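See below for the structure under consideration.
The values are calculated or read from the model by the stated rules, or taken from the named source; none is laboratory data. Everything quoted here is computed from the prediction, not taken from an experiment. When we count neighbours, we look across all protein chains shown, and the Cβ atoms used for this are built from the backbone with ideal geometry, even at glycine.
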Amino acid sequence: MNRMAFRFSLILGFIAVILIIVVQVYFMQTAFNQEERRANQSIQIALRNVAEQLALFNQSDLPYENPVHRLRPDYYVVNVNTFIDAEILEYYLITEFMEKNIDLDFEFGIYDCQTDEIVYGRYVTFGSGRSSTGEDYQFSKYADYLYYFGIFFQGRSKWILSNLTIWYFFSAVLALVLIFFIYSQVVILRQRRMSEIQRDFINNLTHEFHTPLSSILMSAEVFVDQDTSQEPERVKTYGRIIRNQTRHILSQIDRILDQSGKGGSLRPKKELFDLTNLLQSMEEEFKIPIRNKEGSLRMELPDQAVLVNADALMIRQVLFNLIDNAIKYSADNPAVDIIMTIHGKGGTLCIRDAGIGIPDQYRKRIYDRFFRVPAGNVHNVKGFGLGLHYVKRVLDQHGWKLRLQSKAGAGTSINIKFKSQ
């Protein structure tokens, strides 16, 4: 599947997820509204029956219109048009609610027309048959009725929601399906990303090995096809090329093995060596790539030896990576400065370039394994995405401090603080 089709299918999948959620919310809301209407209808019928029973008990007539009036979703007033006995009313309410399966706690109050107040209130816990003096709810008066009682249903919304158990089950099943779908999409994205990394890795591996092997082959052909016995300097030059390129290939193999967990290259074999001499010996390796790009490599190193206790091969590879990046990630005419300063029992090595820099959004990821900063207008820049990850790990192993400063379009400056002997 090509990239465009994959993105299109992914977008359609997430649109489908959103639509399913919207539809489920709509059905849940519809079910709640239907249950709410059913509950209201049951309560209205029950209260009307209570009013009829009170009228029959008092041998009076009910008003012609519906005696039950709903003031709020959880508060009703019932016009009985006659005197109300609290004990009788409570009995009728409990009996009628039990018959209609309205298992709600409620509080009722009786209006006294002489004092113009609701003077009697009871709170009934449904199921226990127990009642207590009602004090929590402030009953609203209804001016259109003379003899009436008000009733308030506590926890009415929770009761309605408790009747939607089947919908909770369906919602849970849907949630599991959506979680599985999202998880599968994340796995697919991760696998696709790993596939892209693998493809780029193979392409870059081919490029990284092709150049040094071509140099080795060219040098070997010179030895085979030409008589160089009378040209010792030429022999030394090609010998150095073979040696340096072979070391470069071996170091790349070590890095790959280490990152795959099959190598032990990050166990430093520390020894005393001259860091200044190491940098001076590396200068020759970069003369050709710098010259090919019409750039410059400037070194400011101390006159005396700077002895460090470290793994010389690892530190050499670290410095090679940093200098190589400074050259590769420069658009034109790379200008690379390598400056070492000594202070006390340590020093700072600064590798600075005027290249394309690193945008802010990539700054936190530059040490991640296989991560490569997009090269901007620098094309065909190859690599494994292991360079800075390797640099950071090696310096951490040695207890050296790494600080990187960079700005897009303004170059990069890398400072390494080290301990010297």
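Worth a mention:
- Among the candidates 43, 84, the residue that is in contact with a Lys or Arg (Cβ under 9 Å, 6 or more places away or on another chain), closer than 21 Å to residue 153 by Cα and aliphatic (A, V, I, L, M) is uniquely 43.
- Enumeration of residues in the stretch 60-78 that are more than 60 Å from the chain's Cα centre (by Cα) and buried (at least 17 other Cβ atoms within 10 Å of the Cβ): 62
Rundown of residues vs (1) surrounded by 14 or more Cβ atoms within 10 Å (Cβ to Cβ); (2) at pLDDT below 85; (3) among the aromatic types (Phe, Trp, Tyr); (4) within 16 Å of residue 80 (Cα to Cα), yes/no style:
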position	(1), (2), (3), (4)
4	no, yes, no, no
8	no, yes, yes, no
19	no, no, no, no
28	yes, yes, no, no
41	no, no, no, no
47	yes, no, no, yes
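- Condition check for residue 116: more than 59 Å from the chain's Cα centre (by Cα) and surrounded by fewer than 17 Cβ atoms within 10 Å (Cβ to Cβ): yes
- Count of residues meeting criterion [part of a strand (DSSP E or B) and either crowded, with 18+ Cβ neighbours inside 10 Å or at pLDDT 75 or above (or both)] in the stretch 132-151: 4
- Residues that are modelled with pLDDT of 75 or more, under 30 Å from residue 270 (Cα atoms) and in a loop (DSSP other than H, G, I, E, B) do occur in the stretch 342-364, at least one of them.
Yes/no per residue for (1) hydrophobic (A, V, I, L, M, F, W, C); (2) touching a Phe, Trp or Tyr at 6+ places or on another chain (Cβ under 9 Å):
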{"position": "7", "(1), (2)": "no, no"}
{"position": "12", "(1), (2)": "yes, no"}
{"position": "23", "(1), (2)": "yes, no"}
{"position": "28", "(1), (2)": "yes, yes"}
{"position": "34", "(1), (2)": "no, no"}
{"position": "46", "(1), (2)": "yes, yes"}
{"position": "54", "(1), (2)": "yes, yes"}
{"position": "60", "(1), (2)": "no, yes"}
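- Cβ-Cβ contacts under 7 Å between residues 6 or more apart (or on different chains), taken from a first residue in the stretch 184-197 that is closer than 16 Å to residue 7 by Cβ to a second residue that is modelled with pLDDT of 75 or more and surrounded by 11 or more Cβ atoms within 10 Å (Cβ to Cβ), are listed as 185/10; 185/13.
- The condition (being part of a helix (DSSP H, G or I), closer than 30 Å to residue 93 by Cα and assigned by TED's automatic domain parsing to the domain that holds residue 153) is satisfied by just one residue among 70, 7, 37: 37.
- Residue match in the stretch 49-67 (condition: closer than 30 Å to residue 182 by Cβ, touching a residue at least 40 places away in the same chain (Cβ under 8 Å) and in a helix (DSSP H, G or I)): no
- Taking the stretch 313-341 as the range and being assigned to a strand (DSSP E or B) and of a type outside the set (Val, Ile, Thr) as the test, the residues that pass are 335, 337, 340.
- Restricted to the stretch 74-127, the set of strands (runs of 3 or more DSSP E) holding at least 2 residues that are more than 19 Å from residue 39 (Cα to Cα), of a type in the set (Ser, Thr, Tyr) and touching a strand residue (DSSP E or B) at 6+ places or on another chain (Cβ under 6 Å) comprises 117-125.
- Within the stretch 285-312, tally of residues that are touching a Phe, Trp or Tyr at 6+ places or on another chain (Cβ under 8 Å) and not in a helix (DSSP H, G or I): 4
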